[in-house]
Structure formats: C-alpha cells, structure tokens
Amino acid sequence: MSSSNYILIILSIWFLIAFSLGFTGRVSEIPFPFPQIILFTLVTAQLVLFNSLKGLKSWIYKINIKYLIAVHLSRFVGIYFLILYSQNMLPYDFAVKGGTGDIFVATTALLILVFVSSKNQIRDKIYLIWNTVGILDILFVVFTAGRIGMDSPQSIENLLKLPLSLLPTFLVPIIIFTHIMIYVRLLKKNRMI
C-alpha cells in the first residue's frame, strides 16, 4: 500500500473520531483553553509522525507543494463565520476579524494555485509571503478563540458544536501542520535544512 493510501486512511479515521466527538457533544464539554491545548497537541503529534515515519516525510517532500497550499481553500469557512456573526451566533472579534483573514488566505491560495506557475522565478518568495500571512492569521484565530472562550465561554460555544467542532479537533491542526511543512519544503529546497 502506498504512503498516500496510509495517509488517507489515517486522516479518515481521525476525521471519524473528531466527528464522533462533536456529534456526541463531547467537544462542547471541554472548557477553554483546553480546545487550544488539544489543537496544539494534534499539531505536535503530526510533527512527531513526520519526523518518525520515513514514508510520510518522503511523501511530504515529493508531493507538489500546491497540494499543501490547496488545503487552505478550506479556509473559505470564514464565510460561514460571517454568516454566524450576522445571526449573533459568534462574537465579532472571532467571526469578523478571523473570518475575513481566513477568506483572504483562502482567496490568495486560490490565486496562487491558478496563476503561479512552476516557471515563475519569484514563486518561492510568493509562497513564503503567503505562508507567513496564513500562519499568522490562523494563530490569531486560535488565540482569539481561546481568549474569548476564557472571558465569555457562552459567546463562542457554537465553535465547539458540529460542524465547527471539527475546526479545533481536525481542520486547524492540519492547516497549521501544512503551514509548517511549506516552510520545511522551502527551507529544504534552498538547502537551509
């Protein structure tokens, strides 16, 4: 079985566990800042697997970097944040600031996927700038959710219910991991690691 198949199986199992925890309401029982702790634990687990499994490391180095960027199209979820804000279901600082940042990152990812070719001489600089903006945005969103959750847990409780409960338990850890892997790929290509 290829590395791609193993990764797909692992991601499927992880998604099913995250979905089950959200469906049963277990995620909504977790007080802040524990969702952030879980999220960063999941990022750490991915990094440990990356460093431990030669097949995963090899796969990450071999796939087209645009696949890592394409993961960030999922950040159009920011549109949903804005809809929930308009219905008074998420607070402004999280939904509007984080949502517009996510929409910007997803839109620029789409533009990169469509318009930046492998022959573009400044391609790696574009990737680096986009990646830096993207990771800063997602970290802002994570820490904003934690701050609001500690100050006013009821205002952000919808973040811990399906479908949004998949963000801290599945999607955001993958987003952060792919940002790190894009840095690793760019550093490796420029022989800095």
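Just so it is clear, none of the values below were taken in a lab; they were calculated from the coordinates. This structure is a prediction, so every number in the text was calculated from the model and none was measured. Ideal geometry is used to build each Cβ from the backbone, glycine not excepted, and the neighbour counts take in all protein chains shown.
Straight-line cross-link reach from Lys188 at under 16 Å between alpha-carbon atoms covers these aspartates and glutamates, not counting any fewer than eight positions away in the same chain: Asp124. The range 163-187 and the range 98-133 have Cα centres spaced 15 Å apart.
The charge dipole of the range 3-189, taken about its Cα centre with unit charges on the Cβ of Lys, Arg, Asp and Glu (plus for the first two, minus for the last two), comes to roughly 940 debye. Only Lys, Arg, Asp and Glu carry charge here, each on its Cβ (+1 for the first two, -1 for the last two); on that basis the range 118-185 has a dipole of about 360 debye about its Cα centre.
With unit charges on the beta carbon (Lys/Arg positive, Asp/Glu negative), name the residue among Val114, Trp59, Leu73 whose Cα is farthest towards the positive pole of the charge dipole of the range 3-189. Working it through, the farthest residue towards the positive pole turns out to be Trp59. For the chain, averaging the sequence separation of C-alpha pairs within contact (under 8 Å, six or more residues apart) and dividing by the residue count gives a relative contact order of 35 percent.
Oblate is the label for the range 3-189, because the ratio a/c of its alpha-carbon gyration tensor axes (a ≥ b ≥ c) is 1.5 or higher and a/b is not greater than b/c. Would you mind checking Lys119/Lys189; Lys66/Lys97; Lys54/Lys189; Lys54/Lys119; Lys57/Lys125 for any pair whose Cα atoms are more than 20 angstrom apart? Correct reply: Lys66/Lys97; Lys54/Lys119; Lys57/Lys125.
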